[in-house]
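One structure is given here, and the rest of the page talks about it.
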Amino acid sequence: MERDFFAHSTAFIDDGCSIGKGSKIWHFSHIMPNCVLGENCNLGQNVVISPEVVLGRNVKVQNNVSIYTGVTCDDDVFLGPSMVFTNVINPRSAVNRKNEYAKTHVGKGASIGANATIVCGHNIGEYAFIGAGAVITKNIPPYSLWVGNPARQMGWISEYGHRLKFDKDGIAECLESKEKYKFENGKVRKI
């Protein structure tokens, strides 16, 4: 059977994976059983996808990222170099906690910067932007921008990754796309 994705000769793909058409898996990466990669994903060098992880379409995973069981990512997610997901809140080498994996969901279009850490059990909203080195210890609302350790919200961001500045009526326009957003009741939505 001919496969319709690319895998470098040093990549290891376990049986039972579903890998979408047009996806690329680069040097020294390991795709474990029962995980799902959507179409047109790009996994950089030294990436590990653990069992039962689900990645949507067009997910970009940069070098040195491990995505552990319990993590799901929607379409168009960007995971920066060496960012980290955890899946157990209180790991101990001598205590098996495989039945305690906490789930983390990353919404459509969200970006997580280089060396950021996502503590398990917290969800990242659609189009949220997590800055490089940030440590996420809470749920992150859609379109929000977070930096620091522990991370704190620094504002709101468009689907194109530009800071949003809201006028007195709670309306902002993306500098690049010219799409408009509404800030209302502590939340942002595209209008």
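Bear in mind these aren't lab numbers, they're just calculated from the coordinates by the rules spelled out. Because the structure is a prediction, the values reported are computed rather than measured. All Cβ positions, even for glycine, are placed from backbone atoms using ideal geometry, and neighbour counts span all protein chains on display.
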So the FRET efficiency between GLU52 and ALA132, C-beta based with R0 = 25 Å and rounded to 0.05, is 0.35
Taking every DSSP bridge whose two residues both lie in the chain, the antiparallel percent to the nearest 5 is 25
In whole angstrom, the spacing between the Cα centers of segment 153-186 and segment 1-74 equals 33
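Using a cut-off of 15 Å between beta-carbons, work out the net charge of the residues near TYR127 (Lys and Arg +1, Asp and Glu -1, TYR127 not included).
Combined, the nearby Lys, Arg, Asp and Glu give +1.
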Under 5 Å from the placed amide H of LYS103, counting only residues 5+ away or on other chains, we find GLY121
Percent relative contact order for segment 58-173, counting Cα pairs under 8 Å at least six residues apart, stands at 18
CYS73 neighbourhood, Cβ < 14 Å, K/R = +1, D/E = -1, net charge -2
Filtered hits (lysines, Cα-Cα < 24 Å from LYS103, offset >= 8 within chain) -> LYS60, LYS138, LYS187
Label model pair HIS27, VAL88: point-to-point distance (7 angstrom along the Cα→beta-carbon line) in nm is 3.2
Within the under-10-Å Cβ sphere about GLY170, not counting GLY170, Lys/Arg +1 and Asp/Glu -1 give a net charge of -1
Extension length gain for MET154 and LYS60 (0.36 nm per residue less Cα distance), in nm, is 31.4 nm
Residue-ordered couplings for segment 120-128, obtained by feeding phi - 60° into the Karplus form 6.51 cos²θ - 1.76 cosθ + 1.60 and rounding to whole Hz (Gly and Pro as x), are 4, x, 10, 9, 10, x, 4, 6, 5
